[in-house]
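Each value in this text was obtained by applying a stated rule to the coordinates, not by laboratory testing. Being a predicted model, the structure only gives us computed values, none of them experimental. Cβ coordinates were reconstructed from backbone atoms using ideal geometry, including for glycine residues, and neighbour counts include every protein chain displayed.
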Amino acid sequence: MKIGIVGGTGGMGKGFALRWCKKHDILIGSRDATRAAESAQEYTNLAKEVHGQISGSIVGNDNETIVKDSDVLILSIQYEHIDSVCSQLLPQIKDSCIVISPIVPMTKTDVGFEFIPIKENKPYSYQLVEKHMKNKSKLVSAFHVISEKKLADPTLVLDYDIFVCGDDKDSVNVVNELINEIEGLRPIYLGPGSLSYFTEMVTPLLLNAMIKNKLKNPGIKIV
Ligand SMILES: NC(=O)c1ccc[n+]([C@@H]2O[C@H](COP(=O)([O-])OP(=O)(O)OC[C@H]3O[C@@H](n4cnc5c(N)ncnc54)[C@H](OP(=O)(O)O)[C@@H]3O)[C@@H](O)[C@H]2O)c1
C-alpha cells in the first residue's frame, strides 16, 4: 500500500514513516520537494538502523505529486492550514484514497491548552477537511492522542488506545489495520465522523493533565 503524508517532514510524519515503512511504501510530502527528499533519506537511514531490513520504502516529493499516488493519505498539518492545503490537494486524490486526519484544533492560552472550536466558535478539524473531500465517507479521524515523540521512537514500548471516527466501515477497517500494525496501539471506534470532536478534544485534556500534574508520557487506555 502507498501511504502519503502531507506535511511528512514534521514530527508526526516522521513517526508514521518509521512505523509503517516496515511493510508499506511511504511517500513523504512537503511544500518543498528537496526538503521531502532529505527527510525521506533521513527516515530511511533511521528505519534501517532500528528495524534492520524494511520491506517497504520511504521516498519524498512535493505534496501535489504524492497525493495523486496515495492509497491512504495522512494530513499531517496544523489546523490553521487545513483550508489552504485541502482546497488545493484533495481534488487531486484517487477516488479510492482514504484520508486520515490526526489534526488537533488546539491553542495555548494563559489558563492552559484549549480547544479552538469551543474557545473561538470555529469548526472542528473533521468538519473543515470534510468540506474539501470528493467522497466524504473516505475521511477517517485518528491518531490525535499519540505524541510524535512516542511514534517516532520505535524502541519505546507502547500501550495506548487510538480513537477512530469515520462513516465508511471499509475505510475505518483499513485505518484500524494500520493502527494494529503499530505494536502496542489498539484502535477504539467511537462512531461516525460527526463525533470526531470527542477525539480531537482529548489532546488538550491530556496535555493539561500532563503539565499540571507533572506526568511523564501520558496516553489514553480504556480499561
Ligand atoms: N506533534 C504531536 O505530538 C501530535 C500528536 C497528535 C496529533 N498531532 C497533529 O498532527 C498534525 C501534525 O503535527 P506535527 O507536530 O507533525 O506538525 P508540524 O511539525 O508543526 O508541521 C507539519 C508540517 O506542516 C507543514 N507546513 C507548515 N506550514 C505549512 C503551511 N502554511 N501550509 C502547508 N504545510 C505547512 C510543514 O512541512 P513543509 O514545510 O515541509 O511543507 C511541517 O513539517 C497536527 O495537526 C497536530 O495537531 C500532533
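Here is how the numbers come out for the structure above:
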{"read-out": "Set of aspartates and glutamates near Lys216 by C-alpha distance (under 16 Å), chain-local residues within fewer than 8 positions excluded", "value": "Glu148, Asp153, Asp159"}
{"read-out": "Listed peptides 16-24, 208-216 by packing density, highest first (mean Cβ within 10 Å)", "value": "16-24, 208-216"}
{"read-out": "Two-site label geometry, Glu80 and Lys169: point separation in nm, points 7 Å out along Cα→Cβ", "value": "4.2 nm"}
{"read-out": "Sites matching trypsin sites (Lys or Arg not before Pro) across segment 116-171 that sit in DSSP coil, with at most 16 neighbouring C-beta atoms within 10 Å", "value": "Lys131, Lys134"}
{"read-out": "Cross-link pairs beyond the 26 Å C-alpha cut-off, checked among Lys22/Lys131; Lys48/Lys150; Lys68/Lys131; Lys23/Lys68; Lys68/Lys169", "value": "Lys22/Lys131"}
{"read-out": "In order through segment 48-62: 3J(HN,Hα) via Karplus (6.51 cos²θ - 1.76 cosθ + 1.60), integer Hz, x for Gly, Pro", "value": "5, 4, 7, 9, x, 6, 10, 7, x, 8, 10, 10, x, 6, 6"}
{"read-out": "Selected from Ile66, Ala17, Ile28, residue furthest toward positive end of dipole (the chain; charges at beta carbon)", "value": "Ala17"}
{"read-out": "Cα gyration tensor category, rounded, prolate or oblate, for segment 81-204 with a/c compared to 1.5", "value": "oblate"}
{"read-out": "In Hz, Karplus ³J(HN,Hα) per residue of segment 116-128 (6.51, -1.76, 1.60; θ = phi - 60°; x = Gly, Pro)", "value": "3, x, 7, 5, 10, 6, 10, x, 7, 4, 4, 4, 5"}
{"read-out": "Potential lengthening between Ser55 and Ala37 on full extension [0.36 nm per residue; Cα-Cα distance subtracted]", "value": "4.6 nm"}
{"read-out": "Highest to lowest packing among 89-99, 46-56, scored as the average C-beta count within 10 Å", "value": "89-99, 46-56"}
{"read-out": "Three-way shape label, segment 152-222, alpha-carbon gyration tensor, a/c 1.5", "value": "oblate"}
{"read-out": "For segment 142-157, Karplus couplings with θ = phi - 60° (6.51, -1.76, 1.60), whole Hz, Gly/Pro x", "value": "6, 6, 6, 9, 10, 7, 4, 4, 6, 5, 7, 10, x, 7, 6, 8"}
{"read-out": "Among Ile146, Ile66, Ile182, residue whose mean-square fluctuation peaks in a GNM of the chain (springs only between Cα atoms under 10 Å)", "value": "Ile182"}
{"read-out": "Overall form of segment 2-212 per C-alpha gyration tensor (a/c, 1.5; a/b vs b/c)", "value": "rounded"}
